[in-house]
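Written below as structure tokens is the structure these notes are about.
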Amino acid sequence: GGLSCPLPEHLEGLLVGELNMSKLSAVGHSFGGATCIQACAQDTRFKACIAHDAWLFPLSDEVASGALRVPTLFLNADTFDMLWDEGSRVLCSLLARSSERGVDCVAYGVNGTRHQNYSDFPLLAPQLTMSIGVAGETDPKEALDVVHQCDTSFLDRALYPE
């Protein structure tokens, strides 16, 4: 266990006893979502994964054509499958192969969202992001509240199943 790279000196000891490394999870948006999926496939320290409107193209062929190793939640915007057909095929294949191996992997679309609703940008500039179409018609704070509720519920179920 432990960190693979040391913390900066001013942070040494700050997190000791505060992190449960046996329940380590990864959460990412877009390219970061793919990065989390890849990391969880390769590093056994991760026990759960959440991918927000993930761009799946960067996944290695091995991961994209296999089954996921840990419980994974995919939350997608309304436009997910309209923008990239191959992403939908990869997602459906990952879900099917993971299910066959008994790994809890689910995908949900969050109504009224677009790609940037999974970031803080729409909170900072709601009118702009909605008018140029990078945020959906749902109020940005409400959209993030739904995302956070989904994330929390999923992690509770995945990490604390009893």
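The values are calculated or read from the model by the stated rules, or taken from the named source; none is laboratory data. The structure presented is a predicted model; accordingly, all values stated were derived computationally and were not measured. Positions of Cβ are generated from backbone atoms using ideal geometry, with glycine treated the same way; all protein chains shown enter the neighbour counts. Protein only, heavy atoms only, side chains kept; ligands, DNA and RNA dropped before computing areas. Shrake-Rupley method; radii C 1.70, N 1.55, O 1.52, S 1.80 Å.
Taking segment 15-35 as the search range and keeping residues that are assigned to a loop (DSSP other than H, G, I, E, B) and among the hydrophobic types (A, V, I, L, M, F, W, C), which one is modelled with the highest pLDDT?
Among them, the one singled out is L24.
Hey, V146 hits all of (1) over 16 Å from the mean Cα position of the chain (by Cα); (2) surrounded by 15 or more Cβ atoms within 10 Å (Cβ to Cβ) but one; which does it fall short on?
Of (1) over 16 Å from the mean Cα position of the chain (by Cα); (2) surrounded by 15 or more Cβ atoms within 10 Å (Cβ to Cβ), only one is false for V146: (1).
Tally time: how many residues in segment 73-90 are aliphatic (A, V, I, L, M) and exposed (fewer than 14 other Cβ atoms within 10 Å of the Cβ)?
Summing the residues that are aliphatic (A, V, I, L, M) and exposed (fewer than 14 other Cβ atoms within 10 Å of the Cβ) in segment 73-90 gives 2.
Kindly check whether there is at least one residue in segment 36-51 that is modelled with pLDDT under 95 and crowded, with 18+ Cβ neighbours inside 10 Å.
The answer is no; no qualifying residue exists.
For segment 91-104, which residues satisfy the criterion of being open to solvent by 20 Å² or more (accessible area, probe 1.4 Å) and either under 15 Å from the mean Cα position of the chain (by Cα) or under 12 Å from L68 (Cβ atoms) (or both)?
Correct list: S93, L95, A96, R97, S99, E100, R101, G102, V103, D104.
For segment 105-117: of the residues being in a loop (DSSP other than H, G, I, E, B) and open to solvent by less than 60 Å² (accessible area, probe 1.4 Å), which is farthest from G87 (Cα to Cα)?
Filtering first and then ranking leaves G112.
Let me confirm something: among G102, G109, which residue is at pLDDT 95 or above and more than 15 Å from S30 (Cβ to Cβ)?
G102
Just one of (1) open to solvent by 30 Å² or more (accessible area, probe 1.4 Å); (2) within 14 Å of Y108 (Cβ to Cβ); (3) modelled with pLDDT of 95 or more trips up R69, so point out which.
(2)
Sort out which residues of segment 97-140 are touching a Cys at 6+ places or on another chain (Cβ under 9 Å) and either free of Cβ contacts under 8 Å to residues at least 12 places away in the same chain or among the β-branched types (V, I, T) (or both), and write them in order of number.
Of everything in segment 97-140, those that are touching a Cys at 6+ places or on another chain (Cβ under 9 Å) and either free of Cβ contacts under 8 Å to residues at least 12 places away in the same chain or among the β-branched types (V, I, T) (or both) turn out to be S99, V110.
Checking T152 against (1) closer than 17 Å to G28 by Cβ; (2) open to solvent by less than 30 Å² (accessible area, probe 1.4 Å); (3) β-branched (V, I, T): exactly one of these is not met. Which one?
(2)
Scan segment 34-63 and report the pairs whose first residue is under 24 Å from T79 (Cα atoms) and whose second residue is charged (D, E, K, R), with Cβ atoms within less than 8 Å and a gap of 6+ or a chain change.
I50/D151; L56/E86; F57/E86
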